[in-house]
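What follows is a single structure, written as structure tokens, with notes after it.
Here, each number is a calculation from the coordinates, and none is a lab measurement. What you are looking at is a predicted structure, and each value in this text was computed from that prediction instead of being measured. When we count neighbours, we look across all protein chains shown, and the Cβ atoms used for this are built from the backbone with ideal geometry, even at glycine.
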Amino acid sequence: MSDAEHPYSSLTPDLVLDALDTVGVRGDGRLIALGSYENRVYQVMLDDGPPVVAKFYRPGRWSDGQIGEEHAFVRSLADAEVPSVPPREIDGRTLHVHAGFRFAVYDKCGGRPPELDRDEVLEWLGRFLGRLHAVGASGRFAVRPVLDADTFGAAPRDYLLASDFLPPELRDAWTAASALALDGVKRAFDRAGDVATLRLHGDVHPGNVLWIDSGELRGPHFVDFDDARTGPAMQDLWMLISGDRESMEHQLARVLEGYERFRAFDRRELHLVEALRTLRLLHYSAWIAQRWDDPAFPAAFPWFGTTRYWQDRILELREQIGAMDETPLVVV
């Protein structure tokens, strides 16, 4: 597919404004594209009120039912006073369609990334994640996918092996490293045992947490539930920790101190930290490859597919193979 044929090539500013007009949201012509590669997201200035955020879903990624489950989950969180930003309900619906594009409208929520080097911030995030997971465990997704070794590991690996992105001279090395990495993931999940799964945010990195410094809304707000899935609780915790082993144990202890005020945490999931990190590495490379026909991706990731890129990925996987077989983090 050429750049001109990509679906997003027809998503012009005029089309965005026309789409919003169909649901009674009157833009004044000013749009600011926000940082999102998977979807197209805009801050829209209005004629008669504060700005809103309009999210135009990537065509073909999710079904209407899957998007509906995302919206219902975020609404249930907001109803439980878990700080999150649900889509507006307009004429009884949260998902709208115009010119082939599905979209939703959100109230604008300002904020900054959380300071993860502060214990009180980690505890605060843990409290709200505990509340989020308490709501997540109270129901089940019917049609949204599961995050596991197959969907986030084996399937992405198979996609990359079937593609032309791997340099021929590194193909065997990456194939071997990815196979050993998936074996390590399986061992880690086996050691963890039959841990519970629940509805997750799915992608709790600092960019998806907005921190508000003052007022009634002070504290973290979770945004962008586009990757909401069913999976182990640890998936929403591990991206908040980093550094050497001692640092990660300290950070995770602070997160769990807040988390367990609202929901018990199964310590067996400590076996999954490095396994989930490994799955994310495999999934991330396949995600870029799958989106390469979108002109935004070659522009944003010009190094993808280079020899250096895949050399670095092989090194990462080899490091993860060792990390997954180490003693898991210890959190009292």
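Going by neighbour counts of Cβ atoms within 10 Å, the residues T278, T197, T327, T12 line up, fewest first, as T327, T12, T197, T278.
Measuring between their Cα centroids, the stretch 36-100 and the stretch 280-332 lie 29 Å from each other.
Look at the alpha carbon pairs under 8 Å that are at least 6 residues apart: their mean separation over the length of the stretch 113-237 gives a relative contact order of 37 percent.
Taking other C-beta atoms within 10 angstrom as a stand-in for reagent exposure, K55, K108 fall in the order K108, K55, fewest first. Near the amide H of R40, within less than 5 Å, lie the amide hydrogens of F56, R58, all on another chain or at least 5 residues away, with H placed in the peptide plane.
With the charge dipole of the stretch 185-332 set up from +1 on Lys and Arg Cβ and -1 on Asp and Glu Cβ about the Cα centre, the Cα lying farthest toward the positive end among the listed residues F297, A233, N208 is that of A233. The magnitude of the dipole of the stretch 133-290, with charges of +1 and -1 set on the Cβ of Lys/Arg and Asp/Glu and taken from the Cα centre, is near 380 debye.
Placing +1 on the Cβ of every Lys and Arg and -1 on the Cβ of every Asp and Glu, with no other charges, gives the chain a dipole of roughly 380 debye about its Cα centre. Dipole orientation for the chain: of the candidates L276, S163, F141, F141 has the Cα lying most toward the positive pole (charges on Cβ; Lys, Arg +1; Asp, Glu -1). Considering helices alone, the calculated mean residue ellipticity of the chain at 222 nm is -13000 deg cm²/dmol, with DSSP H runs of length four and up weighted by -39500 (n - 2.57) and normalised per residue.
So if we plug the beta-carbon distance of D213 and Y284 into 1/(1 + (r/R0)^6) with R0 = 25 Å, what FRET efficiency do we get, rounded to 0.05? The value I calculate is 0.20. Report note on the peptides 267-275, 173-181: ranked by the mean count of other C-beta atoms within 10 Å, highest first, their order is 267-275, 173-181. Reported to the nearest whole Å, the Cα centre-to-centre distance from the stretch 101-131 to the stretch 224-244 is 13.
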